[in-house]
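Everything below concerns the one structure shown next.
The values are calculated or read from the model by the stated rules, or taken from the named source; none is laboratory data. Only a predicted model underlies this, so the values are computations on that prediction, with no experimental measurement involved. Cβ: placed from backbone, ideal geometry, glycine included. Neighbour counts: every protein chain shown. Only protein heavy atoms, including side chains, enter the accessible area calculation; ligands, DNA and RNA are left aside. Shrake-Rupley method; radii C 1.70, N 1.55, O 1.52, S 1.80 Å.
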Amino acid sequence: MATPAPSDAQHPDSSPAAAAAGPAAPPSGAVGGRPVRVHHLRAAKAAGTRLVMLTAYDAVTARILDAAGVDMLLVGDSIGNVMHGHDSTLPVELDEMVVATRSVARATKRALVVADLPFGSYEAGPQQALASAVRLMKAGASAVKLEGGRARCETIRLLSQAGIPVMGHLGFTPQSVHALGGFRVQGRGPAGEELLADALAIEEAGAMSMVLEMVPEPLAARVTRALGVPTIGIGAGARTDGQVLVWTDMAGMTDWSPRFAARFAELGQELGRAASQYAAEVRSGAFPRQEHWFDS
Ligand code: KIV
């Protein structure tokens, strides 16, 4: 019998055996849970186990990041900048977040999927936020994230009471980029006390965790010590309970990445190299070869 051509072969992840195997076991040193659930995050903080979060916007990437042992996948509204070429997160619509959340959730076995409530989908009040969050949860999210401090307490309380885990987001909040006067570090000087008060208030309202973005390292450490729920830092130093990065920054997909994002690969260059080789082989006739076609 002929070896099946690649397009005849079943995708490894879609086999019944793979489906029966279920979520991967937690990697060594990682938070327990297959899948990771909200109570594992609090337990991780208590045990001093660092939490690992990356953004994901589609199934192909989510499958890779989940299999790599990332604890949380954030369907971030950074999809607007990263995937759709906008210069901020403001144009992102709830419908786009629903599609991306479905794609990520379908491909994820172990990681906790958190979906961003985009700009305009929750600020009108708790009822608007609930309706928007329900759509993201129905799409497969296990939690939602929203930006803001004390002004969001009522909303966080309602969502939590409705059984929707909420991750907060303080410090530089990209949806307020215009009000904040650009991409600037937040919480310097006396503003640090305000940020701490926001963190304590949203924890009390029910936030199960929170992102601290672009805040001074000593302040992020102080907020982390003051809270029972885990903090996830981005540009906030090493003393938060976990770290989050935009996956394309982490993997070096673009020419530029922010100062706080280390590049763990140069995938952009590698993708360009692969595409150039493919183009050259199509033009020279080196691709396709006999193993790539069907004789009958
Ligand atoms: O949308 C996003 O990518 C985020 C991270 C920066 C935390 O909110």
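Can you say whether LEU196 is within 14 Å of the ligand (Cβ to nearest atom) and aliphatic (A, V, I, L, M), as far as the supplied structure shows? Considered against the rule, which asks whether it is within 14 Å of the ligand (Cβ to nearest atom) and aliphatic (A, V, I, L, M), LEU196 comes out as no.
Scanning the stretch 43-52 for residues that are surrounded by 16 or more Cβ atoms within 10 Å (Cβ to Cβ) and either over 13 Å from the mean Cα position of the chain (by Cα) or assigned to a loop (DSSP other than H, G, I, E, B) (or both) yields a total of 4.
Filtered by the rule that a residue be assigned to a loop (DSSP other than H, G, I, E, B) and more than 10 Å from the ligand (Cβ to nearest atom), the stretch 247-259 gives ALA251, GLY252, MET253, THR254, ASP255, TRP256, SER257, ARG259.
When ILE202 is tested against (1) more than 16 Å from the ligand (Cβ to nearest atom); (2) open to solvent by less than 30 Å² (accessible area, probe 1.4 Å); (3) assigned to a helix (DSSP H, G or I), exactly one condition is not met: (1). When ARG225, ARG239 are checked against the criterion of being without any contact (Cβ under 8 Å) to a residue 60 or more places away in the chain, open to solvent by 30 Å² or more (accessible area, probe 1.4 Å) and touching a helix residue (DSSP H, G or I) at 6+ places or on another chain (Cβ under 6 Å), a single residue qualifies: ARG239. Taking the conditions (1) under 30 Å from GLY163 (Cα atoms); (2) away from the ligand (no atom under 15 Å from the Cβ); (3) touching a Phe, Trp or Tyr at 6+ places or on another chain (Cβ under 8 Å) in turn, ARG225 satisfies each one other than (3). In the set VAL166, VAL244, only one residue is within 12 Å of the ligand (Cβ to nearest atom), β-branched (Val, Ile, Thr), on the phi < 0 side of the Ramachandran plot and in contact (Cβ under 8 Å) with a residue 40 or more places away in the chain; that residue is VAL244.
Kindly indicate the residue of the stretch 53-69 that is under 18 Å from PRO27 (Cα atoms) and more than 10 Å from the chain's Cα centre (by Cα) and also nearest to the ligand (Cβ to nearest atom) among those meeting that condition. Only one residue tops the list, namely LEU65. None of THR108, THR89, THR101 is away from the ligand (no atom under 16 Å from the Cβ) and of a type in the set (Ser, Thr, Tyr) except THR108.
ALA238 passes every criterion in (1) of a type in the set (A, V, I, L, M); (2) within 16 Å of the ligand (Cβ to nearest atom); (3) assigned to a loop (DSSP other than H, G, I, E, B); (4) over 26 Å from VAL60 (Cβ atoms) apart from (2). None of GLN161, GLN128 is open to solvent by 30 Å² or more (accessible area, probe 1.4 Å) and in contact (Cβ under 8 Å) with a residue 12 or more places away in the chain except GLN161.
Can you say whether ALA207 is in a loop (DSSP other than H, G, I, E, B), in contact (Cβ under 8 Å) with a residue 24 or more places away in the chain and either within 15 Å of the ligand (Cβ to nearest atom) or open to solvent by 30 Å² or more (accessible area, probe 1.4 Å) (or both), as far as the supplied structure shows? So ALA207 passes the test. Would you call THR248 open to solvent by 30 Å² or more (accessible area, probe 1.4 Å), under 27 Å from ALA141 (Cβ atoms) and hydroxyl-bearing (Ser, Thr, Tyr)? No: the conditions fail for THR248. Say whether the condition of being open to solvent by less than 50 Å² (accessible area, probe 1.4 Å), within 16 Å of the ligand (Cβ to nearest atom) and over 23 Å from ALA30 (Cβ atoms) is met by at least one residue in the stretch 263-281. Checked against the condition, which is being open to solvent by less than 50 Å² (accessible area, probe 1.4 Å), within 16 Å of the ligand (Cβ to nearest atom) and over 23 Å from ALA30 (Cβ atoms), the stretch 263-281 yields no hits at all.
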